[in-house]
1. Does anyone have the angle between helix 77-86 and the longest principal axis of the chain? Alpha-carbon axes, 0 to 90°, nearest 10?
2. Counting heavy atoms of the protein chains only and a 1.4 Å probe, report the per residue accessible area for the chain as a whole number of Å².
3. Ordering LEU110, LEU188 from largest to smallest accessible area (1.4 angstrom probe), what's the sequence?
4. Can you say what percent of the DSSP beta bridges in the range 35-258, counting only those with both residues inside, are antiparallel? Round to 5.
5. Got the relative contact order for the chain handy, in percent, Cα pairs under 8 Å and 6 or more residues apart?
6. Once fully extended, how much extra length lies between ASP429 and GLU38, figured as 0.36 nm per residue of separation less the alpha-carbon to alpha-carbon distance?
7. Can you send over the solvent-accessible area of TRP308, 1.4 Å probe, protein chains only, in Å² to the nearest 10?
8. Quick one: order PHE213, PHE233 from most to least accessible surface, probe 1.4 Å.
Amino acid sequence: MEKDDNKDDNDDRVPLAETSLLNKLIRRSLIESHHHVEVLQRDPKSPLFSIRTFEELHLKKELLQGIYAMGFNRPSKIQETALPMMLADPPQNLIAQSQSGTGKTAAFVLAMLSRVNPDDRFPQCLCLAPTYELALQTGQVVELMGRFCVNVRVMYAVRGNRVPRGTVIHDQIIIGTPGTVLDWCFKLKLLDVNSIRVFVLDEADVMIDKQNFSDQCVRVQRTLPHSCQMLLFSATFEDSVLHFAQRIVPDPNIIKLQREELTLNNIRQYYFECENKEAKYKALCNIYGSITVGQAIIFCQTRLNARWLFSALTNDGHQVSLLSGELTVEERAMVIQQFRDGKDKVLITTNVCARGIDVQQVTIVVNFSLPTNAMKTVDFDTYLHRIGRTGRFGKRGLAFNMVEKRNLPLLFSIQDYFQTTIKRLDPEDMDELEKIED
Ligand code: ADP
């Protein structure tokens, strides 16, 4: 194992909230979703109603105008099922899970804007987000989608927005973080919870990742009137999230969008056996022409290693970019955006940094180090996430593994675990390499 690899960078963990924000900052369109939708209805006897067009929702015309001005033509998968439930009368509660980028925010923003009465000049909808930045992002969607709704306004209950005690708030939609919202409700008495008709808890999985936040959310929810509609959204749905969701949302309908299984079936996997890090670098340079045919991500195990590889390739005149934990969120968003737009063809990163970020057009993955865990055995899950694709829609992909001789057992364990074949390649054999490109 390389010297650098001994330094485990798990403590470098990128907080979920940051990944979520990054995805929001770089995403300009909907994730293609071919998912299967699973619905658990509060009343299983009532027919499941789903929509094909926004018109079918009988929205206020200013809202339809807002939606179309945003470039939406038809509802996304999650919106088809969730919107009729969210807009039903009497209101129904909902817990909805689907991966980020599938249209959840747009869906609940639409629900809040639909329920608001512009003539009532007091808070009616309350939305909790796990961070300041995510609250602002959601607020921007409200402002954009609601831009034709006259007299509907948003207020941010976030740190830094100091509102003096006794202020009367006329804005109908309040978006904030749990701690500040609690202060506004109880300490400062700025919010009259009895007038809230819609309560949204966004990014529940990120919320419970942060200390105290689940309790604070529960405390806010407990004060709301029984008639208030409760909506909860999450990108993932582990037991802990579901448990939390059920504490917050009484009698919910539950919608889950199943993510498709990742498989290695349409990935051609190869390995290069190398003496040491320098030999791995040489092998990488030899195949460089092949990897820049498409777009490639090169994974290193640690930040230090990623930086070393970035400098070496740059000094050798290659155009590569580096996605590193040392960058600010905005800088990272910019690096990913450049890559997503095809301006950069090769991205070097660590697993920690790239986790949760979807870059669908990557066709080539290079494991400059195999993913290992604290026990120094292979982290199979990470291997699958780095190179796996969804079965039905996956394009063909290529994976190159750079392996030191002494680490060959790790490579063989991957073959055994996934019952797959990883072919050996000779980095000096140009004929063989050219055959791969075809
Ligand atoms: P999520 O909350 O699940 O992460 P968003 O609501 O932020 O997803 O939607 C992701 C992106 O897709 C945003 O850029 C949003 O404007 C866009 N979007 C959402 N719904 C639609 C739709 N029905 N048609 C086209 N684009 C949409």
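1. Its long axis makes an angle of about 20 degrees.
2. Each residue of the chain exposes 47 Å² on average to a 1.4 Å probe.
3. Final ranking, largest accessible area leading: LEU188, LEU110.
4. Expressed as a percentage, antiparallel bridges in the range 35-258 total about 15.
5. Result for the chain is 19 percent.
6. Going from the current span to full extension adds 135.7 nm.
7. Ignoring ligands and nucleic acids, TRP308 comes out at about 80 Å².
8. Largest accessible area first, the list is PHE213, PHE233.
The values are calculated or read from the model by the stated rules, or taken from the named source; none is laboratory data. Please read these numbers as outputs of a predicted model, since none were measured by experiment. We work out accessible area using only protein heavy atoms, side chains counted, and drop any ligands, DNA or RNA first. Shrake-Rupley method; radii C 1.70, N 1.55, O 1.52, S 1.80 Å.
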